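Reviewing the structure listed below.
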Amino acid sequence: MNQTMNIRVQAPSPSLLQPQAKFFTQRACPCIRVQLEAFANSSLLKTSLVARCSSGWYKTPSIFAERSLKCSAQLEALVTSESQQGSSSEFVGNDKIGVLLLNLGGPETLDDVQPFLFNLFADPDIIRLPRLFRFLQKPLAQFISVVRSPKSKEGYASIGGGSPLRRITDAQAEELRKALCNKNVPAKVYVGMRYWHPFTEEAIEQIKRDGITKLVVLPLYPQFSISTSGSSLRLLESIFREDEYLVNMQHTVIPSWYQREGYIKAMADLIEKELGKFDCPEEVMIFFSAHGVPLAYVEEAGDPYKAEMEECVDLIMEELEKRRINNAYTLAYQSRVGPVEWLRPYTDETIIELGRKGVKSLLAVPISFVSEHIETLEEIDVEYKELALESGIEKWGRVPALGCEPTFISDLADAVIESLPYVGAMAVSNLEARQSLVPLGSVEELLAAYDSQRRELPPPVVVWEWGWTKSAETWNGRAAMLAVLVLLVFEVTTGEGFLHQWGILPLFR
């Protein structure tokens, strides 16, 4: 029996931006909207990608990765802020509206740390193994989680014994529900975490029990990345495909929202407030620190994260310039792990370099985080602050995460309301009729934009590649270290070998 699943994915576009946000229209094209529809036919998933700007159609393997794509035509908003509240009720009717907030999750107690790390590293979007070694995914995740948990527990112990992420996200969900209600859109708001409770699967089960008929999926990551929103959407896709109720439920996805005027203003408000706490605010270096991702995600897989992050920083600084705040600023990436190369510049190295250049006042801005958690409370507030003071930076400040900041929450509510006309409204039969208003793509292409064959992501280094390349240097070095280790074991266990002949090992007997 053939089934049809409609997963609609909506990128920042004219219909999601208020008309007064003029400065958004002058940057990288925000008018790409992708409609994600999966045609599930037993074992066949067909994919193709066509993105459209108002000035024409563009075919591209990664529509979100090309920052240079421009729209020459004027952007047109479908709704205005004045008419939004009055018209929102027509999209509700007898439907039960639900909003699913997606987030990473975090251990709530120290006992949760090791199983949380296992769930994290068992995700193939986090640790990508070649197909031949895929069977090692869970054993490797178990090994890494056991090895890393003692140090991670120390970090969580230093911030109160667990992550506050669930508590903050629950509060954001409640404030969003209230904001939607105040805007005449009664809706239930659910929280689905990727790696800890409440898991996405738990949220979906509650959505089914509540009989939700229209669902807006809203990842709490301002910028889209394979490792965050992408991983959660992969999971949702697999859940939806296997459940008849979900296949028939109308829904849409807002994959990123870093360009929204309310978000930009909320960030600028927080930065302006913290700058005012310095003796000489104009001399403060604004230091944007974003969570890093492996370089291969961007260069090989087409992850738009870096381009969206850079544009986001530019938009915030443009807003600050309107307020006559013209401080110097920089962007760096934190939280790298493992031997592979991540996005540069690194936060720790950049802090040291700024100290060498004579920067004395630094304001850290956690740009990719909307909630406080271990990366802000421990990594930034403790590790990077200590590093900054050791590097000669005398005055340190940090902008808090957005949390339940009213402007931010109200803007999220507006994003949900603006997406409601598109929940299940764009059947294939009426695509042509809507092209003039909403640039559309074909099906399930948000994920295929970075994984065109719907296979695994490319590994950060190619296994057993030889020659004078970065990959070769990595694996040749590992092979050499393994050979040295084998020789040492042989020498110690047999008492024979060139180290004994040269009189080196006997000295240690």
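The values are calculated or read from the model by the stated rules, or taken from the named source; none is laboratory data. None of the values given here were measured: they were computed from a predicted structure. Glycine gets a Cβ as well: all are built from the backbone with ideal geometry, and neighbour counts include every protein chain shown.
Every test in (1) out of contact with any helix residue (DSSP H, G or I) (no Cβ under 7 Å at 6 or more places or on another chain); (2) surrounded by 20 or more Cβ atoms within 10 Å (Cβ to Cβ); (3) among the aliphatic types (A, V, I, L, M) is passed by Leu389 save one, and that test is (2).
What do you reckon, is Lys360 within 22 Å of Gly276 (Cα to Cα) and in contact with a Ser or Thr (Cβ under 7 Å, 6 or more places away or on another chain)? In short, no.
Tell me yes or no: at least one residue of region 267-275 is under 22 Å from Glu353 (Cα atoms), at pLDDT 85 or above and surrounded by 19 or more Cβ atoms within 10 Å (Cβ to Cβ). So far as region 267-275 goes, yes, one or more of its residues are under 22 Å from Glu353 (Cα atoms), at pLDDT 85 or above and surrounded by 19 or more Cβ atoms within 10 Å (Cβ to Cβ).
Table: residues versus (1) assigned to a loop (DSSP other than H, G, I, E, B); (2) free of Cβ contacts under 8 Å to residues at least 40 places away in the same chain; (3) in contact with a helix residue (DSSP H, G or I) (Cβ under 6 Å, 6 or more places away or on another chain).
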| residue | (1), (2), (3) |
| --- | --- |
| Ile271 | no, no, no |
| Ile286 | no, no, no |
| Val298 | no, no, yes |
| Gly302 | yes, no, no |
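Assess whether Arg166 counts as being buried (at least 20 other Cβ atoms within 10 Å of the Cβ) and either under 13 Å from Pro107 (Cβ atoms) or at pLDDT below 95 (or both). Yes: the conditions hold for Arg166. Taking region 215-244 as the search range and keeping residues that are assigned to a loop (DSSP other than H, G, I, E, B) and polar (S, T, N, Q), which one is nearest to Leu120 (Cα to Cα)? Applying the filter and picking the extreme gives Ser225. The sole residue among Glu282, Glu261 that is of a type in the set (D, E, K, R) and within 21 Å of Pro222 (Cα to Cα) is Glu261.
Does region 245-252 include one or more residues that are outside the structural domain of Lys322 (by TED's automatic domain parsing), in contact (Cβ under 8 Å) with a residue 12 or more places away in the chain, assigned to a loop (DSSP other than H, G, I, E, B) and buried (at least 24 other Cβ atoms within 10 Å of the Cβ)? No, every residue in region 245-252 fails to be outside the structural domain of Lys322 (by TED's automatic domain parsing), in contact (Cβ under 8 Å) with a residue 12 or more places away in the chain, assigned to a loop (DSSP other than H, G, I, E, B) and buried (at least 24 other Cβ atoms within 10 Å of the Cβ). Criterion applied to Glu386, Glu372 was being at pLDDT 95 or above and not in a loop (DSSP other than H, G, I, E, B), and the one residue passing it is Glu386.
Would it be correct to say that Ala290 is of a type in the set (Gly, Ala, Ser), over 19 Å from Pro222 (Cα atoms), in contact with a Leu (Cβ under 9 Å, 6 or more places away or on another chain) and in the same structural domain as Leu387 (by TED's automatic domain parsing)?
no
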